Amino acid sequence: MKVALAQIAVEPGEVTGNVDRAVAAVERAADSGADLVALPELFDVGYFAFDLYARVAEPIGGETHRRLAAAAREYGIAVLAGTVVEDLAATAAETDLPVPAEEGLANTAVFFDRDGQRRAVYRKHHLFGYDSAESDLLVAGERTPVVDFEGFGVGITTCYDLRFPELYRDLVDDGATLVLVPSAWPYPRVEHWELLPRSRAVENLAYVAAVNGTGTFEDAELLGRSTVYDPWGTVLASSDDDPTLVTADLDPERVASVREEFPALADRRHGDH
């Protein structure tokens, strides 16, 4: 399977332009032969545009999702709609999907299959509070779906989730062999961005594909460097901090062979908590 990470430029508050760039990236990914393309965290409004979250929030199935589902269907490529700001009350009113709260906002990723059908919804579990308004503005998610796609069990986490390895263990226990990580990771924490997804790949013997955005906000600049790691933690493809498309070929048998060769997961011991 060929995966593409769409490291697009995210302009604060420019939802129409950002979504236009996302749709264009889906087309480029399909033209490159990719089977799956992932978009960054809050590619719609920009992570650090906190004051705009409520104004731009949409339900699942809103205009942004409709455009990306249509692109998936038109180009025959699965799309992880990075994350967008979700209006939970509107989702509850307009769909039969479960929501973690009757009102509020969430940082939400949606996985669309090649035919544009919604296969999974993931709401960011760990909300960032350090020098960030995210934990004050958003509701944390509760579900950790794993999607079967092209021989992989595909899990989803988001950005700050990388610092919580137990979440990845839960995904592996549910069959994940590839984890997609839409992010909005800023300078200066380059070393953390390189260390954490690589660690999650090594300790879980799974592919990890971390897609970041680019762009400058009032108090932050995204560092790009989208990267695909194999189950040994080897970098298969990566980028600098300019807008680009990062692609890599993944083999589901690689996960099985690494886990057989180095069966660390089988040696886990579950103590009392």
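If you scan the range 207-222, which residues turn out to be crowded, with 24+ Cβ neighbours inside 10 Å, out of contact with any helix residue (DSSP H, G or I) (no Cβ under 6 Å at 6 or more places or on another chain) and among the hydrophobic types (A, V, I, L, M, F, W, C)?
Ala209, Val211, Leu222, listed by residue number.
Any residue at all in the range 101-117 that is within 17 Å of the chain's Cα centre (by Cα) and at positive phi?
no
Looking at Arg225, Arg269, Arg254, which is the one that is among the basic types (Lys, Arg), in a helix (DSSP H, G or I) and surrounded by fewer than 24 Cβ atoms within 10 Å (Cβ to Cβ)?
Arg254
For residues that are in contact with a Pro (Cβ under 7 Å, 6 or more places away or on another chain) and not hydrophobic (A, V, I, L, M, F, W, C), tally how many sit in the range 96-151.
5
Among what's in the range 113-156 and is touching a helix residue (DSSP H, G or I) at 6+ places or on another chain (Cβ under 9 Å) and acidic (Asp, Glu), pick the residue that is nearest to Ala38 (Cα to Cα).
Asp113
Looking at Ala237, Ala266, which one is hydrophobic (A, V, I, L, M, F, W, C) and in contact with a strand residue (DSSP E or B) (Cβ under 7 Å, 6 or more places away or on another chain)?
Every option except Ala237 fails the conditions.
Among the candidates Thr214, Thr227, which residue alone is among the hydroxyl-bearing types (Ser, Thr, Tyr) and in contact with a Gly (Cβ under 7 Å, 6 or more places away or on another chain)?
Thr214
Considering each of Thr247, Thr214 in turn, give the residue that is farther than 23 Å from Arg163 by Cα, polar (S, T, N, Q) and within 17 Å of the chain's Cα centre (by Cα).
Among Thr247, Thr214, only Thr247 is farther than 23 Å from Arg163 by Cα, polar (S, T, N, Q) and within 17 Å of the chain's Cα centre (by Cα).
Residue check, Arg163 against (1) out of contact with any Pro (no Cβ under 9 Å at 6 or more places or on another chain); (2) under 23 Å from Ile8 (Cα atoms), all met but one. Which one?
(2)
Which pairs have Cβ atoms under 6 Å, sit 6 or more apart or on different chains, and link a residue in the range 30-50 that is over 21 Å from Phe217 (Cβ atoms) to one that is of a type in the set (Lys, Arg) and surrounded by fewer than 24 Cβ atoms within 10 Å (Cβ to Cβ)?
Qualifying pairs under 6 Å: Gly33/Lys2; Ala34/Lys2; Asp35/Lys2.
Only one of (1) surrounded by fewer than 18 Cβ atoms within 10 Å (Cβ to Cβ); (2) under 14 Å from Ala22 (Cα atoms); (3) touching an Asp or Glu at 6+ places or on another chain (Cβ under 8 Å) fails for Arg119. Which number is that?
Against the list (1) surrounded by fewer than 18 Cβ atoms within 10 Å (Cβ to Cβ); (2) under 14 Å from Ala22 (Cα atoms); (3) touching an Asp or Glu at 6+ places or on another chain (Cβ under 8 Å), Arg119 comes up short only on (2).
For the range 140-170: of the residues being out of contact with any Leu (no Cβ under 6 Å at 6 or more places or on another chain) and among the aromatic types (Phe, Trp, Tyr), which is surrounded by the fewest Cβ atoms within 10 Å (Cβ to Cβ)?
Looking at the filtered set, the residue picked out is Phe164.
Which of the strands (runs of 3 or more DSSP E) contained wholly in the range 138-222 include at least 1 residues that are in contact with a Lys or Arg (Cβ under 8 Å, 6 or more places away or on another chain)?
By residue number, 146-149, 178-182, 207-211.
Residues checked against (1) surrounded by 16 or more Cβ atoms within 10 Å (Cβ to Cβ); (2) without any contact (Cβ under 8 Å) to a residue 60 or more places away in the chain:
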site: Arg66; (1), (2): no, yes
site: Arg73; (1), (2): yes, yes
site: Thr91; (1), (2): yes, yes
site: Asn107; (1), (2): yes, no
site: Ala133; (1), (2): no, no
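Read-outs throughout are calculated quantities, based only on the coordinates presented, and are distinct from any laboratory measurement. Keep in mind the model is a prediction, meaning the values are calculated, not measured. Counting neighbours? That spans all protein chains shown, and the Cβs are built from the backbone with ideal geometry, glycine included.
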